[in-house]
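Notes for the one structure printed next.
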Amino acid sequence: MNKQITRLALTGVGLIVALVVATTYWQAWAAGDLADRQDNQIQRVAQFTIDRGEIRGDGIVWATNREEKKSGRTFYFREYPQRGLAAHVVGYSTQERFRTGLERSMNDYLTGQNANLSTVLETFVDKAKGATIKGNALRLTLVPRAQRAAQNALGRRCGAVVALEPQTGKVLAMYSSPTYNPNLVEENFDQVTGVGADCRRPDALLNRATAGLYAPGSTFKVVTAAAAIDSGRFTPDSEFVDPGYCEVYGKRVNNYDTSRPFGRLDLHTALVNSVNSVFCNIGKELGARFLVDYMKRFGFYELPPLETPADERAPSGLYKADKLFDPAQDTDVDPGRFAFGQERLLVTPLQMAMVAATIANDGVVMKPQVIDRIVAPDGSIIVRSKPERLDRAIKVETARAVGAMMQDAVEEGTGTAARIGGITVAGKTGTAETGIAGLNTTWFISYAGKNRPQVAIAAVVEQQNSTGGQTAAPVAREVLQALLGSTANS
Amino acid sequence: MSLRNRELLNLIAVGLLTAIGFASVYIARSEPSELNAGSLTYAGIFLALYLAAHLVVRYAVPYADPVLLPLAALLSAIGVTLIYRLEPDDAFRQSLWIVIGVGLFALTLLVLRRDFRVLEQYKYLFGITAIALMMLPALPGLGQTINGARLWVKVGSFQFQPGELAKIFLIVFLAGYLRDKRETLAQGRLKDFGPLLLIWGAAMLVLVQTNDLGSALLQFGIFLAMLYVATGRAAYALTGLALFVAGAAFVYRYVSHVQDRVTIWLTPWTDEPVFCAQTGELALRQDCGSFQLVKSLYSIGNGGFAGTGLGKGTFTTTAGDPIIPYLNTDFIYSAIAQELGLVGAAGLLLVFMLFVARGFRIALLADDGFSKLLAAGLTFGFALQTFIIVGGVLRVIPLTGITLPFVSYGGSSVVANFILLALLLLVSNRANVQAGRGRA
C-alpha cells in the first residue's frame, strides 16, 4: 500500500501548496486591484487610520482632517471647509461612497503609499514603530476668488467654467454648477443627489468642466479658422459672399439671423460676426478629415490630461451612438455644419479652454495641471509640477491672426459683453441648439490680460433661451476680472 | 534525545510563541501600551495544559511521533490568539473547548493504549453511527440551519456539528472495511461494490439534506482516497470522482443554495446590478450574495506581504460594526492573512503541511493494513478539510462553511481534531514499537 500512500501524501501536500500559491496571488499579485475596487470597505476603513494629507492652495484649505477616537483606534475623517467651492476637483473621501476627484486619483500620495523613496522609508518606519502613517499634502493651483466668482455668476444655472494660464497650463479656475457639499456625502447623500438647479438633469456630482459633453456651437469656428489659415489655403483677408445661408448636400443651412445677409466679406469679419455660411463653405473646401486632424492637434479625441480620475473626464470630438467617431471618409460627416460646430460634435469646457489657451500661447498646447506641488509631512517637496508642452497645434502667425479676430469679436462683434476696461480681451461666443426650441447651450471662450494673455477661459451655460454673448460672456467676464484683479467695468 | 524530550522542547517553543502572540494582541488592544500579567497568565495556563497532555503521551504512547502534538498546540494557540483578538469572549469559550479536547485526547490515549486495533472489531458500529450522526441535523426540531447550511444540532443551549465527529467514525469504519475487502474489491467484481455505492448514495443524501457541498466533498473525498490506498486502482478513485461530479451537477440544478454558491464563486463581482435573492431587489452581486467572499478577499489583500500586525487589522467599520461575518469560524483564515500577511499565512499553511507530512509518514511506517488505512484516511481528511475551507476563502473552489482544523472557533471541531490527533499518535506509537525504533 505504500506506493498509494506516497501518492496520496503528494496529493495532500499538493493541495496545501495550492493554497500557498492562491494566498500569494491575492496578497502580492492581485492586492493592488483589490485595493482599487470601489466597494473595498476594508481598504476604506483602514485608510481612515492614516493621517491623510491636506489639500490646500492659495492660502485656503480645501480638505483637512477631523480626528476621532473610536474603540481604541484613531480615525481621521475628512472635512471640506470650502464646501462646494471646488467639490468636483477636490472630490471626497468617505467610507460609504468611496472617493472621487483628486481624493481618489491622488489617494496614494495622500495616504503615503506612493513609491517615492522618502515616502516609502517614512511609511515603513511609522509602520514598524506602530505610529500613525502620515500622508503627503497637495497644493492646488486653483484661485479661490475665481471659483467664488464663477459660483456667483452661474448661480442656479447649470454649466461650468474652466480658466487656464496659457503659458503653463495651470488650472486657475474649474467650477461646475450645480455643486454639492462634500461634507454631506457620508451621512446625507440624499441631499447631495437631490441638489436642484435650473436644468433638466442637475446631477450635482457630475464634473461638467471635464466630463460634461456639449455641442460647441460657434466657439468651434476658432478651430475651423485656425485650420483654414494654418493650411495656407485661406488668409484673414480671404473673400466670401454670404447669402444668409449655405448649401450642403442640396440643403440650406441658415445663419443665426437670416434676415441680414452680410454679402461680400472677409474671413476676419466672418469670425467677428460669427457668420455660419462662411465657415460652412470653408468646411466644404477643407473636408471633414482635414478638420479632424487639426482637432487632434488641439487635444480633441483624447482624454484631456488632468490629475483627476480618468473616468471623471471625457474626450471631445465627433460622437456617434455615444461613442467617439473618427470619420474614415470625408463623406461620413456633413463638413459644412461640422465647421461651425454642430453635426454631432461634443466637447468639454476643459477642451475649449485648451483651445483658447493655445491661441493665447502662440499655438502651443500646454498640459492642464491643477496640482502645483506635493509636500511631505516634514515640509519637503516631493513633486513640483513643471509646465509641460503637449503639441504645437498651429503656427505662431496663425495663432496671432485668429487671436486678432477674437479680439475684434469682443471689441465690436458678438462678444462685447465680455469687455473689461484696461484689459485686452479676445473671445468667441457660441450658441448651440439642443434640439429643443428655445433652449440653447451657450458658450464663451476667451483669453485676456493686461499686456500679454494671462488667462484663457471657457464658460458654458446650459438650457438658455438667449445667446452665448448674452449669457456665457458675462460669466466669463466675472471670472476674468477676479483673476486679473480689475474692478473696472465695461 | 528521546522522542518525548524532543516533544517537550517543541512544546516549550510553542508556549513562548503563544506568550509573544498574546502579549502583542494585548499591547495592540490597550491604550496606553502596557503589558498586563493577564496575557502572560493565559499563555502560562496554555503551556501547562499541553504539558499535562505531554505527560499522558509519555505514559500512554511513549514512542509516538514527537512533532504532531506541538504542531496541534501551535495551531490551537494561533486560533485562540486570533479569536481573543477578534472576540475576547469567544476566546474564553474556545479555551474551555481546548481543555475538553485535550481531556478527550488523553482519554482516547489511555483507553486505547494497549491496542487501538480493537476498533476494527466495531467497524460496522462506527459506520452506522457515522451515518446516523450525519443525518442528525436533518431531524426536525433538532437540526439548525446556519448560513444556509443545515449542519448543526441544537439541544437546549448546547449546539454542535455532528459532521465533525462523523468524519472520524467514517474513517475508522472505512479503514476496517477496506482492509477486510481490499483483495476482493481489487478484482473489480460489481457485487462487492454494493456497500460502497451505498456510501456514495449516503454522501449525496447528506449533500441534499444539509445543502452543504463542503461536507459532502470532504466525506466523499476521504472515501475515495482510502479506496484508492486499499485497492491501488486509480480508476476507482477517478470513477468515484466522476460520479460525485455528476451527482453534484444534478444537485446543482435543483438546489438553489448550491447554485448560488457556484455563481458567487464564478463571478463574485458584477458591473451591472443583478437580482438579489436576499432583498428581492436589484443590486451588484458584491453588495449582495457574494459580499462575504468579496470582503474576505479584501481582508486578505489588505494584509499584503507583511500584514498589518496582530491587533492592527481592520475588521469593523469606523462605527464598530463588523465588516466580515463568521470571522472567527469560516473566515478565520482571512483574518490571519490580513494581520500576519503573506509571511504569516504561508507560515500557517506550512504548519498544516508539516502536520500532513508527519501524518502520512506514520501511515507509511505502520505495518498493518488497518493502521495504514486509518492514518492515511485521518491525515488526508485533515488536509482536504484545510483545503476546502481555505480554498473556499481564497476562491479556489466554491466557498462552503467548514472549520479550519484546530484554528477556527467551534467546540465540535476542536474536540474531533484532538481525537484525530490521539488516533494518529496511537498508530505512530505502535509502528515505532514494532519496528524497534522506540529508542531512536
Is it true that some residue in the stretch A:424-435 is β-branched (Val, Ile, Thr), within 25 Å of A:Val292 (Cβ to Cβ) and in a loop (DSSP other than H, G, I, E, B)? yes
Restricting attention to the stretch B:319-332, does a residue exist that is within 17 Å of the chain's Cα centre (by Cα), modelled with pLDDT of 95 or more and either within 7 Å of another protein chain (Cβ to nearest Cβ) or part of a helix (DSSP H, G or I) (or both)? no
Quick check: is even one residue across the stretch A:76-97 within 14 Å of chain B (Cβ to nearest Cβ), under 30 Å from B:Gly344 (Cα atoms), touching a helix residue (DSSP H, G or I) at 6+ places or on another chain (Cβ under 8 Å) and of a type in the set (Val, Ile, Thr)? no
Output the number of residues of the stretch B:388-405 satisfying the condition of being away from chain A (no Cβ under 11 Å) and part of a helix (DSSP H, G or I). 0
In the stretch B:285-310, what count of residues is obtained for those that are out of contact with any helix residue (DSSP H, G or I) (no Cβ under 8 Å at 6 or more places or on another chain), more than 7 Å from chain A (Cβ to nearest Cβ) and in a helix (DSSP H, G or I)? 2
Among (1) within 14 Å of chain A (Cβ to nearest Cβ); (2) more than 28 Å from A:Gln113 (Cβ to Cβ); (3) in a helix (DSSP H, G or I), where does B:Leu243 come up short? (1)
Counted residues, the stretch A:7-58 - those being without any contact (Cβ under 8 Å) to a residue 60 or more places away in the chain and either facing chain B (nearest Cβ under 7 Å) or not in a helix (DSSP H, G or I) (or both): 28
Got a sec? Which of A:Thr434, A:Thr442 is within 13 Å of A:Gly217 (Cα to Cα) and buried (at least 19 other Cβ atoms within 10 Å of the Cβ)? A:Thr442
Considering only residues that are free of Cβ contacts under 8 Å to residues at least 40 places away in the same chain and assigned to a helix (DSSP H, G or I), look in the stretch A:271-292 and name the one that is surrounded by the most Cβ atoms within 10 Å (Cβ to Cβ). A:Val278
So, of the residues in the stretch B:371-387 that are more than 8 Å from chain A (Cβ to nearest Cβ) and among the small types (Gly, Ala, Ser), which turns out to be farthest from B:Arg430 (Cα to Cα)? B:Gly381
Selection status of B:Phe169, farther than 17 Å from A:Met1 by Cα, modelled with pLDDT of 75 or more and of a type outside the set (A, V, I, L, M): yes
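Quick grid of which residues meet (1) more than 18 Å from A:Leu267 (Cβ to Cβ); (2) of a type outside the set (Asp, Glu):
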residue	(1), (2)
A:Glu412	no, no
A:Gly415	no, yes
A:Gly422	yes, yes
A:Lys428	no, yes
A:Ala437	yes, yes
A:Tyr447	yes, yes
A:Asn451	yes, yes
A:Val461	yes, yes
Looking for something part of a loop (DSSP other than H, G, I, E, B) and surrounded by fewer than 18 Cβ atoms within 10 Å (Cβ to Cβ) - is there at least one such residue anywhere in the stretch A:336-345? yes
Of the numbered conditions (1) assigned to a strand (DSSP E or B); (2) farther than 21 Å from A:Asn207 by Cβ, A:Ala459 fails exactly one; give the number of that condition. (2)
Six or more apart or on different chains, Cβ atoms under 9 Å: show the pairs whose first residue is in the stretch A:253-268 and within 20 Å of A:Val222 (Cβ to Cβ) and part of a strand (DSSP E or B) and whose second is of a type in the set (Gly, Ala, Ser) and modelled with pLDDT of 80 or more. A:Val253/A:Ser277; A:Val253/A:Gly336; A:Asp266/A:Ser238
Which pairs have Cβ atoms under 6 Å, sit 6 or more apart or on different chains, and link a residue in the stretch A:441-454 that is outside any strand (DSSP E or B) to one that is surrounded by 24 or more Cβ atoms within 10 Å (Cβ to Cβ)? A:Pro453/A:Pro166; A:Pro453/A:Ala360; A:Pro453/A:Tyr447
Which helices (runs of 4 or more DSSP H) sit wholly inside the stretch A:132-218 and have at least 2 residues that are basic (Lys, Arg)? A:144-154
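The values are calculated or read from the model by the stated rules, or taken from the named source; none is laboratory data. Small disclaimer: the values here were computed from a predicted structure and weren't measured. Because the Cβ atoms are built from the backbone with ideal geometry, glycine has one as well, and the counts that use them run over all protein chains shown.
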